[in-house]
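The structure under discussion appears below in the form of structure tokens.
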Amino acid sequence: MSLLQIEGLQLQFRVDRETVYALRGVDLSVGAGTRTAIVGESGSGKTALTLSLLRLLPPNAQVKGSVRFLGRELLTLDEAALRQVRGAQIAMIFQHAQAALNPLLPVGRQIADVCRQHSGMGRAEAWERAVEVLAATGIQQAAARARDYPHQYSGGMAQRALIAMALVCEPQLLIADEPTSGLDVAVQQQVLALVEQVVARLDATLLLITHDLAVVADTCDQIIVMYAGEVMETGATAQVLERPANPYTAALLACFEQTDEARMPFIPGRTPDMRQAPTGCSFAGRCAMTRDICHQQRPQAVEVAPGHFSACHFAQEVADA
Ligand SMILES: Nc1ncnc2c1ncn2[C@@H]1O[C@H](COP(=O)(O)OP(=O)(O)O)[C@@H](O)[C@H]1O
Ligand SMILES: [Mg+2]
């Protein structure tokens, strides 16, 4: 069953007198219970996509299309109903956890507040629950640490606190946007393990944005590859990693192999100017396989194998190569 169904999603930002086309017609479906990775170079629209789902966008943003969560349209939902969905059914863990916490309130209080909003618990009970979930995320002496302010937490602890906050809501969908960026490698692994543990415990669906393909291979069963505000390829992790059907994915995998580190991959050539409305394939300018049609017509997604889609005029050829 599809938990999240996105159709024709477009997102534009007005900047000065120009338009930035951040999402250019995204179609995708995330099945309940899957662990889906979103990968793609910086600026490809990964964060924009997740923020659009919950309409957590700045005033210069305009979003069009359809986002259905459990069959319910989110893009036209009123604010009050949307607030219920945010946190209660869909929780997000952002990169830079420190910045996502309120610097003026003790960490435990922030978790307790979320808890009260969603469960109607009293103050004391919510505080107890906050301490409990902090402890569950591996924070030592949680009762004492709950009284600390965010600046007293390390980056890894702050990320744990955000995960604790997501945990109290018991969401059906957990969105984690590069949850380990900026953390030490050892801490990264602990935080990822914790995310996996929480998802398993809640029997939730995970949408994980990461540029670390090793993490994707270990953690996720589905992959969405994004580039220039479009979905280039989707499929089961093994299909996409072992038999990519899009030259962009192949390039991403190739440069990841070269760096062999959890660093941002780098593909030669420049990403397209997002202020232009698209003609043709957005990867055409950097693709080794480009032919005339690639500059003229935007490729539609084709199914190269069951459940494996690629938006490339030569998808089947690439997959068979
Ligand atoms: N508030 C904003 N105003 C204008 N452009 C933005 C804004 N936020 C993001 N963008 C643009 O939208 C595109 C997608 O950005 P983003 O979703 O952050 O990429 P990713 O998360 O994949 O690195 C980029 O071209 C970025 O510059
Ligand atoms: Mg991002």
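The values are calculated or read from the model by the stated rules, or taken from the named source; none is laboratory data. Quick caveat: nothing in here was measured; it's all calculated off a predicted structure. Cβ sites come from the backbone with ideal geometry, for glycine too, and all protein chains shown count toward neighbours. Surface accessibility is based on the protein's heavy atoms, side chains included, excluding ligands, DNA and RNA. Shrake-Rupley method; radii C 1.70, N 1.55, O 1.52, S 1.80 Å.
Scanning segment 81-99 for residues that are within 16 Å of the chain's Cα centre (by Cα) and not in a loop (DSSP other than H, G, I, E, B) gives Arg86, Gly87, Ile90, Ala91, Met92, Ile93, Ala97. Pairs linking a residue in segment 40-51 that is in contact (Cβ under 8 Å) with a residue 24 or more places away in the chain to a residue that is near ligand 2 (Cβ under 8 Å from one of its atoms), with Cβ atoms under 8 Å and 6 or more positions apart or on different chains, are Gly40/Lys46; Lys46/Asp177; Lys46/Ile209; Thr47/Asp177; Thr47/Ile209; Thr50/Asp177; Thr50/Ile209. Of Ala166, Ala136, Ala146, Ala126, all but one fail to be away from ligand 1 (no atom under 16 Å from the Cβ), within 16 Å of Ala200 (Cβ to Cβ) and free of Cβ contacts under 8 Å to residues at least 60 places away in the same chain; the exception is Ala136. Segment 107-185 holds helices (runs of 4 or more DSSP H) entirely within its bounds, and those carrying 2 or more residues that are of a type in the set (S, T, N, Q) map to 107-119. Note on segment 9-30: among residues that are basic (Lys, Arg) and in contact (Cβ under 8 Å) with a residue 24 or more places away in the chain, the one that is nearest to ligand 1 (Cβ to nearest atom) is Arg14. Just wondering, is there one or more residues in segment 174-186 that are farther than 17 Å from Leu3 by Cβ, in contact (Cβ under 8 Å) with a residue 12 or more places away in the chain, buried (at least 24 other Cβ atoms within 10 Å of the Cβ) and more than 16 Å from ligand 2 (Cβ to nearest atom)? No, that holds for no residue. Residues that are surrounded by 16 or more Cβ atoms within 10 Å (Cβ to Cβ) and hydrophobic (A, V, I, L, M, F, W, C) within segment 43-56 comprise Ala48, Leu49, Leu51, Leu53, Leu54, listed in sequence order. For segment 68-103, the set of residues classified as among the aliphatic types (A, V, I, L, M), open to solvent by 20 Å² or more (accessible area, probe 1.4 Å) and touching a residue at least 24 places away in the same chain (Cβ under 8 Å) consists of Leu70, Ala88, Met92, Ala100, listed by residue number. With the condition kept exactly as written, say whether any residue in segment 110-122 is open to solvent by less than 40 Å² (accessible area, probe 1.4 Å) and in contact with a Ser or Thr (Cβ under 9 Å, 6 or more places away or on another chain). No - not one qualifying residue is present in segment 110-122. Looking for whichever is more than 16 Å from ligand 1 (Cβ to nearest atom), open to solvent by less than 40 Å² (accessible area, probe 1.4 Å) and in contact with an Asp or Glu (Cβ under 7 Å, 6 or more places away or on another chain) here; the options are Thr205, Thr219. Which one fits? Exactly one residue qualifies, and that residue is Thr219.
The set of residues from segment 36-59 being near ligand 1 (Cβ under 9 Å from one of its atoms) and basic (Lys, Arg) comprises just one member, Lys46.
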